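Data block below; observations after.
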Amino acid sequence: MEGWMASDYTFGIEEEFFVVDAATMNSVRTLPPQFLTRCRDRLGDRVSLELLQSQIETQTVPHRHAADALAELKELRDGVGDVADGFGFRLIAAGTHPFAEWQAQRHTERARYRMVMNDLQMLGYRNLLCGTHVHVALPDPERRVTLMTRTMPYLPLFLALSTSSPFWCGKSTGLLSYRPAAYDELPRTGLPPVFLGDEDYRAYLDSMTAGGVIPDASYIWWSIRPSMAHPTLELRIADACTVPEDAVAIAMLFRALVARLDRDPDYGVPVDAVVRAITEENRWRIQRGGLDARIVDPASRTPLLVRLAIRRLVKDLMPDARRIGRAEDLDGVKAILDFGTSAHRQLEVFGNAREADQTREEALYRVATWLARATIGVGGIATAPMPHAAVMH
């Protein structure tokens with residue numbers, strides 16, 4: 001629990017990556033045992049394995065300042081990237097790999113992952129997905145559950161800011177974020193139920209564990225959840241961010257939202273079954289259209305442009321961003337609105353390659369190459385404003 005301070009809403013960021021072969025840009029089938037050892041020799045226990053051998057995860061320490069978090073994310077990416085180079089690998093930060101096949105995946109040989117795979121069967125191999133997770137300190141369990149519910153209407157906006165999964169198994173999906181659609185195949189994912197409080201949540205959790213469904217709360221994979229490992233509220237809806245600046249921007253917005261909801265019990269719309277259902281529809285519309293989607297305002301029940309919803313939220317949260325950090329901490333959100341997300345750039349790279357008469361396979365290879373370069377800070381997203389998404393087929 002060291003480092004998680006409720007008074008200033010300390011935060012941490014977890015990032016998941018695909019490990020790919022540097023020559024083919026396809027996901028690796030097996031990760032050498034020495035890979036994690038060398039990562040930890042350099043970065044300690046801030047690096048860990050994932051369910052599939054083609055993935056790796058990093059975790060920051062708790063932070064108070066955006067600049068410090070960004071510096072650590074870059075350190076972690078550089079460190080794991082250097083180790084990957086030594087094995088002839090590269091890292092890709094994206095919600096889905098452009099063309100890797102789930103049928104070719106192998107799970108990590110650890111007791112927890114064997115248990116998960118035994119339960120999920122084929123779905124475990126289809127979990128070829130990467131996300132960005134943000135933790136914000138909230139030591140009181142009652143507040144964590146209450147704010148989990150109250151943040152629900154805003155969750156699709158965090159997906160809109162992070163979309164990075166327009167391709168799946170070599171196909172253009174027609175979506176900017178396919179990852180939630182694939183993740184929904186798993187149990188205990190998506191939006192959480194509407195709980196009345198911690199007692200309600202505990203009753204559910206006790207039923208799941210006593211009934212032999214799950215061993216503990218870490219097997220609950222909702223879009224937002226009370227963390228079992230830390231005294232935090234954990235945002236899980238975001239796709240993996242190709243550039244670390246976007247991950248920090250999302251973390252700063254979530255942190256400010258938690259701070260606002262925590263200090264102001266009247267902020268936001270009361271969450272009931274209707275609001276939850278509206279939020280489900282909003283999530284789908286953002287999967288499809290991202291920042292350019294039109295959603296339903298949960299408060300007024302009228303149409304609302306996603307970009308306008310995000311701008312309003314940033315304006316509302318500016319005093320809290322200033323109170324717990326700096327007003328400039330939310331500038332990264334404005335940059336995403338101006339320059340687009342990874343999904344926009346991936347589709348642009350793919351479309352340009354196809355217009356140059358490259359085959360689909362060659363175009364997808366170019367997308368993967370761009371992702372690998374952008375992940376380590378070469379040729380990133382913010383090169384020119386991209387006000388609209390062009391979905392290529």
When Trp4 is run through (1) under 17 Å from the mean Cα position of the chain (by Cα); (2) aromatic (Phe, Trp, Tyr); (3) over 16 Å from Val248 (Cα atoms), the failure sits at (1)
Those residues of segment 151-171 which are under 17 Å from Phe17 (Cα atoms) and part of a loop (DSSP other than H, G, I, E, B) amount to Ser162, Thr163, Ser164, Pro166, Cys169
Residues within segment 256-272 that are touching a Leu at 6+ places or on another chain (Cβ under 9 Å) and either among the hydrophobic types (A, V, I, L, M, F, W, C) or crowded, with 24+ Cβ neighbours inside 10 Å (or both), tallied: 5
If you check Leu305 against the conditions, is it surrounded by fewer than 18 Cβ atoms within 10 Å (Cβ to Cβ) and closer than 27 Å to Leu347 by Cα? yes
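Tell me which residues, restricted to segment 262-294, are among the hydrophobic types (A, V, I, L, M, F, W, C) and closer than 17 Å to Val333 by Cβ. Walk me through it before giving the result.
At the first step, the residues of segment 262-294 found to be among the hydrophobic types (A, V, I, L, M, F, W, C) are 269, 271, 273-275, 277-278, 284, 286, 291, 293.
Scanning segment 262-294 gives Ile286, Leu291, Ala293.
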Out of the residues in segment 25-49 that are of a type in the set (Val, Ile, Thr) and in contact (Cβ under 8 Å) with a residue 24 or more places away in the chain, which is farthest from Leu128 (Cα to Cα)? Val47
Could you say which residue among Glu15, Glu72 is under 17 Å from Asn127 (Cβ atoms), within 20 Å of the chain's Cα centre (by Cα) and among the acidic types (Asp, Glu)? Glu15
Which one of these does Met228 not meet: (1) surrounded by fewer than 24 Cβ atoms within 10 Å (Cβ to Cβ); (2) of a type outside the set (D, E, K, R); (3) modelled with pLDDT of 95 or more? (3)
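Out of contact with any Gly (no Cβ under 7 Å at 6 or more places or on another chain), closer than 29 Å to Ile278 by Cα and part of a loop (DSSP other than H, G, I, E, B) - does that describe any residue in segment 132-150?
So far as segment 132-150 goes, yes, one or more of its residues are out of contact with any Gly (no Cβ under 7 Å at 6 or more places or on another chain), closer than 29 Å to Ile278 by Cα and part of a loop (DSSP other than H, G, I, E, B).
Which residues, counting only those in segment 94-127, are of a type outside the set (Lys, Arg), over 20 Å from the mean Cα position of the chain (by Cα) and either in a loop (DSSP other than H, G, I, E, B) or crowded, with 16+ Cβ neighbours inside 10 Å (or both)?
Let us first name the residues in segment 94-127 that are of a type outside the set (Lys, Arg), namely 94-105, 107-109, 111, 113, 115-125, 127.
If we keep only those that are over 20 Å from the mean Cα position of the chain (by Cα) too, we end up with 101, 103-105, 107-109, 111, 113, 115-122.
The answer is Glu101, Gln105, His107, Thr108, Glu109, Tyr113, Val116, Met117, Leu120, Gln121.
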Having 3 or more residues that are in contact with a strand residue (DSSP E or B) (Cβ under 6 Å, 6 or more places away or on another chain), closer than 21 Å to Arg106 by Cα and not polar (S, T, N, Q) is the bar; report the strands (runs of 3 or more DSSP E) wholly within segment 1-92 that clear it. 11-21, 89-92
State the number of residues belonging to segment 76-93 that are more than 24 Å from Thr173 (Cα to Cα) and either crowded, with 19+ Cβ neighbours inside 10 Å or touching a Leu at 6+ places or on another chain (Cβ under 9 Å) (or both). 10
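Within segment 59-85, track down each residue that is under 21 Å from Leu371 (Cα atoms) and not hydrophobic (A, V, I, L, M, F, W, C).
Across segment 59-85, the qualifying residues are Gln59, Glu72, Lys74, Glu75, Arg77, Asp78, Gly79, Gly81, Asp82, Asp85.
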Could you grab me the full set of residues in segment 217-248 that are within 12 Å of the chain's Cα centre (by Cα) and small (Gly, Ala, Ser)? Ser223, Ala238, Ala240, Ala247
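Looking only at segment 190-225, filter to residues that are aromatic (Phe, Trp, Tyr) and assigned to a helix (DSSP H, G or I); which one of those is surrounded by the fewest Cβ atoms within 10 Å (Cβ to Cβ)?
Tyr204
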Among the numbered criteria (1) under 28 Å from Trp102 (Cα atoms); (2) out of contact with any His (no Cβ under 9 Å at 6 or more places or on another chain); (3) not in a loop (DSSP other than H, G, I, E, B), which single criterion is violated by Glu234? (2)
What are the residues in segment 30-65 that are small (Gly, Ala, Ser) and in contact with a Phe, Trp or Tyr (Cβ under 9 Å, 6 or more places away or on another chain), if any? Ser54
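The values are calculated or read from the model by the stated rules, or taken from the named source; none is laboratory data. Keep in mind the model is a prediction, meaning the values are calculated, not measured. FYI the Cβ positions are ideal-geometry reconstructions off the backbone, even for glycines, and counts take in every protein chain you see.
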